[in-house]
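The values are calculated or read from the model by the stated rules, or taken from the named source; none is laboratory data. Remember, predicted model here, so these are calculated numbers, not experimental data. A quick note on method: Cβ atoms are made from the backbone with ideal geometry, for glycine too, and the neighbour counts reach across all protein chains shown.
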Amino acid sequence: MMMMIIKLCLFAMTVLSIAPANAQTQGVGFGYGGKNGPYRWGYLNPNYTKCSVGKLQSPIDIQRRQTFLNSGLKPLHRDYYTTNATLVNHVCNVAMMFGEGAGDVVIDNKNYTLKQMHWHTPSEHHLHGVQYAAELHMVHQAKDGSFAVVASLFKIGSEEPFLSQMKDKLMKLKEERLKGNQTAQVEVGKINTRHIERKTRKYFRYVGSLTTPPCSENVSWTILGKVRSMSKEQIEVLRSPLDISYKRNARPCQPLNGRRVEMFHELVN
Ligand SMILES: [Zn+2]
């Protein structure tokens, strides 16, 4: 059973990675504690070495003294459209996979198409030393295979409207898990992601990596400056389909290694 978990969790990653999955990458799993934990990822598989030797790794703690206002950055331009979506238990997280035409984000004049989004609890990125209750990753991919992730941080508070719409589907994933179906998929149908693309007054931008093996680098990260809210119950619902070892699925912060974190601020840019 463990092998199956591992393969499928990996599948989630390889679907998105530039290099196709091969026999070597399958069958070696990662977790968030013990001997498969984040400090061991780089040694679990030859294809995961970036996780230990990479110098552009994610997540990071965004600290004020390492953040530079870049007046050349543009407002974040996102165009999302109503599209078919499927909620999937990826074992290491819960994800929503989008069909064709979900829309784009434009970064440095390059278009990246929205592929999926998933949640981490607690947050992976820290903002000024603070780790938040949850983090949403909206994963986009360009035609050349490169990734851009737009991340939102959440503190515990009022309900998050998008997740409220999704509650029944998340409960279904949990029921399926209880029945023994570890990698259940629940059709969500047409989903309107437009209200996710709220105006962003402030964001942070840096070059990092995927936060799960193979920890591939040169991922363009955008962390939204406004911390949003999610209820405690919603965090529990997001965790409920996951096995105990994946309920806390945040990789620890990685060294900045001299990288610049740039900031966009509406009032200045
Ligand atoms: Zn993620």
Exercise for the section: Select from the stretch 237-258 the residues that are surrounded by fewer than 16 Cβ atoms within 10 Å (Cβ to Cβ) and either in a loop (DSSP other than H, G, I, E, B) or modelled with pLDDT of 95 or more (or both) and list them in ascending order. Expected result: 243, 247, 248, 252, 255, 257, 258
Exercise for the section: Of all residues in the stretch 108-126, count the ones that are more than 16 Å from the ligand (Cβ to nearest atom) and either basic (Lys, Arg) or surrounded by 20 or more Cβ atoms within 10 Å (Cβ to Cβ) (or both). Expected result: 1
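Listed here are the residues, each with its yes/no results for (1) out of contact with any strand residue (DSSP E or B) (no Cβ under 8 Å at 6 or more places or on another chain); (2) crowded, with 17+ Cβ neighbours inside 10 Å.
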residue	(1), (2)
160	no, yes
163	no, yes
167	yes, no
173	no, yes
193	no, yes
212	yes, yes
219	no, yes
261	no, yes
266	no, no
Fill in the blank from the handout: Of (1) more than 16 Å from the ligand (Cβ to nearest atom); (2) farther than 26 Å from residue 52 by Cβ; (3) among the basic types (Lys, Arg), residue 205 satisfies every one except (2)
Problem - Residues located in the stretch 87-104, provided they are within 15 Å of the ligand (Cβ to nearest atom) and small (Gly, Ala, Ser) - result: 95
Handout entry: Residues located in the stretch 132-147, provided they are farther than 22 Å from residue 244 by Cβ and away from the ligand (no atom under 13 Å from the Cβ)
Key = 141, 142, 143, 144, 145, 146
